[in-house]
Amino acid sequence: MNTILYNDSFLAREQGKVDMEDRGYQFGDGIYEALRVYNGKMFLLDLHMKRLERSARELRLSLPYDTDHLVENLDKLIRDNQMDYGYIYFQITRGAIARKHRFPLEKIDCVLTGSIEATTKDEDLYPDGIKVSLLDDIRWLRCDIKTLNLLGNVLANQEAFEKGSADAILHRDGVVTEGTTCNAFMVKDGILITHPADHFILNGITRIFVLQLAERLGIPVEERTYTTDELLHADEVFLTSTGERVAPVIQIDEQLIGNGVPGPISKRLLDAFNGEVERFISDTQA
Ligand code: PMP
């Protein structure tokens with residue numbers, strides 16, 4: 001049976017019903033997180049919970065209960081579904097009220113739902129590299145909030161797929177921001193370069209972790225904006241996300257990146273990342 005979390009209850013998937021006036025359904029008015037589960041335990045949990053609390057504050061949305069209780073419920077959801085490896089996804093909408101753009105400032109009953117997707121341990125990894133497309137970033141100016149409203153990402157991701165690409169790297173007037181589901185990094189002359197964590201990008205948990213790994217490995221980092229021209233002439237490009245960890249980009253549209261194979265810094269970071277996952281798994285077994 002596939003069990004879901006619905007507010008503070010655990011239900012069979014078919015029993016989870018959403019009110020048609022739910023603001024998540026009407027406006028995409030809500031927030032979410034997606035975490036990777038290894039050996040039945042959530043990876044990088046604290047960082048995800050901190051980001052959730054920040055997203056809630058930025059949207060003036062109050063969580064239905066505190067994050068400690070939420071973590072207990074998420075752990076139970078994983079156990080009830082007997083999932084060892086996969087993803088856990090949860091979202092919180094502002095709840096159901098008669099449709100109006102403005103929302104009451106008194107507490108309304110948010111709606112929290114959570115579900116799991118079982119995978120194999122290393123699913124979604126692309127160590128041999130991927131091809132991506134370069135597309136306009138048409139999203140709003142608060143990409144730092146992890147909201148349900150993802151239409152700009154959805155349309156670009158679809159366009160990339162129709163072009164035979166695994167994802168798109170987005171740019172605003174020639175300044176590279178991020179991918180549709182991931183953060184983007186480039187390497188030039190041994191320096192790792194990525195867009196600063198401001199309102200133009202989501203500060204990915206994997207991005208934060210990879211920056212820590214780079215520091216540990218002594219790889220110099222610059223968090224600065226860079227242009228599509230710099231990107232296309234980079235020595236290496238890679239994407240980071242909860243699913244992909246570090247995905248080397250070997251081609252952008254018709255242009256090969258570097259020699260068209262994953263570069264040494266991307267590989268070092270992916271290896272270091274995989275090592276951390278293995279360590280996490282063995283720690284959870286102890
Ligand atoms: N940027 C965007 C637009 C995303 O949707 C995601 C994945 N949710 C990321 C970056 C990567 O974030 P994370 O590393 O936390 O998965």
**OP:** Working from Cα positions, state the angle (0 to 90°, nearest 10) between the long axis of helix 67-80 and the longest principal axis of the chain.
**Re:** 90
**OP:** Taking just the C-alpha trace of segment 130-279, give me its Rg and Dmax in Å.
**Re:** 14.2, 42
Subject >> Rounded accessible area of ASP122 (nearest 10 Å², 1.4 Å probe) >> reply: 80
Original post:
Ranked from the most accessible area to the least, with a 1.4 Å probe and all protein chains present, what is the order of THR177, THR225?
Top reply: THR225, THR177
Subject >> Selected from VAL37, TYR25, SER9, residue furthest toward positive end of dipole (segment 1-42; charges at beta carbon) >> reply: VAL37
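With charges set only on the Cβ (+1 for Lys and Arg, -1 for Asp and Glu), what does the dipole of segment 3-118 come to about its Cα centre, in debye to the nearest 20?
On the way: 17 positive and 19 negative charges, 88 e Å.
Dipole of segment 3-118, to the nearest 20 debye: 420 debye.
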Subject >> Radius 11 Å from Cβ of HIS101, net charge of other residues (Lys, Arg +1; Asp, Glu -1) >> reply: +3
Original post:
Counting only protein heavy atoms and using a 1.4 Å probe, what share of the accessible area of the chain belongs to carbon plus sulfur, as a whole percent?
Top reply: 51
Original post:
Relative to the first principal axis of the alpha-carbon coordinates of the chain, what is the inclination of helix 205-217, with its axis defined by its Cα atoms, in degrees from 0 to 90 and to the nearest 10?
Top reply: 40
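From Cα pairs below 8 angstrom and at least 6 apart in sequence, can you work out the relative contact order of the chain, rounded to a whole percent?
On the way: 555 pairs, mean separation 51.6, N = 286.
Relative CO of the chain lands at 18 percent.
Based on the Cβ-Cβ distance of ILE108 and ILE208, what FRET efficiency does E = 1/(1 + (r/R0)^6) give at R0 = 35 Å, to the nearest 0.05? Intermediate results must be reported in sequence, preceding the final value.
Working: r = 32 Å, r/R0 = 0.90.
E between ILE108 and ILE208, to the nearest 0.05, is 0.65.
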Subject >> Estimated dipole of the chain in Debye, rounded to 20 [Cβ of Lys and Arg +1, of Asp and Glu -1, Cα centre] >> reply: 680
Original post:
Rolling a 1.4 angstrom probe over the protein heavy atoms, how many square angstrom per residue are accessible across the chain?
Top reply: 48
**OP:** Quick one: compute a quarter of the convex hull surface over the Cα atoms of segment 3-118 and quote it in nm².
**Re:** 6.8
Subject >> Tilt relative to the chain, helix 45-58 - C-alpha long axis, 0 to 90 degrees, to 10 >> reply: 70
**OP:** For the chain, please report how many Lys pairs fall under 25 Å Cα to Cα, leaving out neighbours fewer than 8 apart on the same chain.
**Re:** 21
**OP:** Return the calculated 222 nm mean residue ellipticity for the chain, to the nearest 500 deg cm²/dmol, obtained by summing -39500 (n - 2.57) across DSSP H runs with n ≥ 4 and dividing by the residue count.
**Re:** -9500 deg cm²/dmol
Original post:
Once you list every other residue whose beta carbon is under 12 Å from the beta carbon of CYS143, what net charge do they have if Lys and Arg are +1 and Asp and Glu are -1?
Top reply: -1
Original post:
Between exposed trypsin sites (Lys or Arg not before Pro) in the chain, where DSSP calls loop and at most 10 other Cβ atoms lie within 10 Å, what's the longest gap?
Top reply: 108-223
Original post:
Accessible surface of TYR126 in the full protein assembly, 1.4 angstrom probe, to the nearest 10 Å²?
Top reply: 90
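What's the local net charge at ALA168, with K and R +1, D and E -1, over the other residues with C-beta under 12 Å away? Walk me through the intermediate numbers first.
Details: positive: LYS131, ARG139, LYS163; negative: ASP136, ASP137, GLU159, GLU162, ASP167, GLU178, ASP253.
Neighbour charge sum, excluding ALA168 itself: -4.
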Original post:
How large is the convex hull of the Cα atoms of the chain per residue, expressed in Å³ as a whole number?
Top reply: 134
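The values are calculated or read from the model by the stated rules, or taken from the named source; none is laboratory data. It should be emphasised that the depicted structure is a prediction, and the values quoted were computed from it without experimental measurement. Cβ sites come from the backbone with ideal geometry, for glycine too, and all protein chains shown count toward neighbours. Side chains included, ligands, DNA and RNA excluded: accessible areas come from the protein's heavy atoms. Shrake-Rupley method; radii C 1.70, N 1.55, O 1.52, S 1.80 Å.
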